[in-house]
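Encoded as structure tokens, the structure appears first; notes follow it.
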Amino acid sequence: MTGGRLSKIESVAQSVFEAGIGQSSWTNAVRDMVALHNGAGGALFQMNRKTLQISEWHSVNLNDTEEYIEEMNAINPRMHHSLANDAPHIITDLDCISREEMARHEFYRWLETRCHMQYFIGTRLMDTGDTSTFMSVEFEAGEASPHRQNLEDFRVISTHCANAKRLAMARNAEKPLADLDSFLAQKSSTALFFLDNKCRFFFANPAGESLLSNGQLLALADGFLTLVHKASQEKLAAIYQSVQDDETGLITQLFRPIFVPSSNPKFTMLVRFMRLPHVLRGPGNKWSSICLFVQTTTGNDDEIKSLLVDTFGLTGREAELVMMLRENGTIAEAAATLGIAHNTARVHLQRVFKKTGAGTQADLAVIVERLSTWV
């Protein structure tokens, strides 16, 4: 993934988290997501799986929305496929229906005639009780089906969007969030660290407490949350200093996320610094106005191999070789571990390069590292 592409993905991720904490609208987040994919439209909405009632609809360039909700969704092959599979998952039209059937199907004729769109990438992001959250990007009629770069980017954004929606649900719970109790009780893979207006650490949710007690990536020093990785800590310290130098006590600028590498190649961390939509009271009557969102994940090798196959069209053996190279480093060692000839491994590697667009094993390692943050 190029630096420019990564920067655009970071910007969209920032947009969905801003929507999640109430600093921006979900429609803006959908618009940014559509632009990232060079799409023609998109939507983010919730649906009750028992009644098929749609709510929380946010869309861009989808005309005749009411007709879609009331009539077209009932015959939508995409929705039928998605409801038959557990969340989370990502699909394209060709997972649901053949090209020949698409040409004859009433839903696709309506989509092309009314909205001038045809193919899509979609996801059933998450389930909350009987309600599911769905997200999609639509592409103009006449264009080819989504390519692998679209799928790769969509996987990244869908992970961020799911976490942002969880935060929004907590924020919009029936019980007003006048304190931190609701946040601190949340079960989430996203670690939340609450700070005062001078960036001093106050509290963390269970995922944050677990990460902090581990001590390998985060620590406390003089009341401030710090990153063990030196270069990353310098970036965090610069953010702290910027906030402390602001005499208004308000955070008006947007800070870039901090990617934190680890000595364990299976473990990565992404840190986001955001002002809360309103000050929250925590234990001891202390007040927090800033939150650090820290996403960590331990990459599951089987799931990463599955992503390599699904995203880039690798064979099972080619995906195994990629994972062996990740662990062992050299193609000779990987070939020996897999029990194949060195030349066979080289042929496999050249095919992997062609399918993934990687030019070197270092490029391939970056792709695998990115995939490991999505599972």
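For region 330-344, taking the residues that are hydrophobic (A, V, I, L, M, F, W, C) and over 16 Å from Leu308 (Cβ atoms), the one that is surrounded by the most Cβ atoms within 10 Å (Cβ to Cβ) is identified as Ala335.
Take the residues in region 208-241 that are of a type in the set (Ser, Thr, Tyr) and open to solvent by 50 Å² or more (accessible area, probe 1.4 Å); name whichever of them is nearest to the chain's Cα centre (by Cα).
Restricting to residues being of a type in the set (Ser, Thr, Tyr) and open to solvent by 50 Å² or more (accessible area, probe 1.4 Å), the top hit is Ser210.
Of the residues making up region 132-172, those that are small (Gly, Ala, Ser) and at pLDDT 80 or above are Ser132, Ser136, Ser158, Ala162, Ala164. Of all the residues in region 349-367, those that are over 22 Å from His147 (Cα atoms) and surrounded by 14 or more Cβ atoms within 10 Å (Cβ to Cβ) number 1. Among the residues of region 80-105, those that are open to solvent by less than 40 Å² (accessible area, probe 1.4 Å) and either among the charged types (D, E, K, R) or touching an Asp or Glu at 6+ places or on another chain (Cβ under 7 Å) (or both) comprise Ala87, Asp93, Met102. If you go through region 113-159 and keep only what is open to solvent by 20 Å² or more (accessible area, probe 1.4 Å) and within 30 Å of Leu292 (Cα to Cα), you end up with Asp127, Thr128, Gly129, Thr131, Gln149, Leu151, Arg155, Thr159. Taking residues in region 301-316 that are closer than 19 Å to Asn150 by Cα, and partners anywhere that are charged (D, E, K, R) and open to solvent by less than 50 Å² (accessible area, probe 1.4 Å), the pairs with Cβ atoms closer than 8 Å and at least 6 places apart or on different chains are Leu307/Arg155; Leu308/Glu318; Thr311/Glu152; Thr311/Arg155. On inspection, Asn205 passes the criterion of being within 29 Å of Met126 (Cβ to Cβ), open to solvent by less than 70 Å² (accessible area, probe 1.4 Å) and either without any contact (Cβ under 8 Å) to a residue 40 or more places away in the chain or aliphatic (A, V, I, L, M) (or both).
The values are calculated or read from the model by the stated rules, or taken from the named source; none is laboratory data. Predicted model, so just to flag it, every value in this text is computed and none were measured. Quick reminder, even Gly has a Cβ in these numbers, built from the backbone with ideal geometry, and neighbours come from all protein chains shown. Note: areas computed on protein heavy atoms with side chains; ligands, DNA, RNA excluded. Shrake-Rupley method; radii C 1.70, N 1.55, O 1.52, S 1.80 Å.
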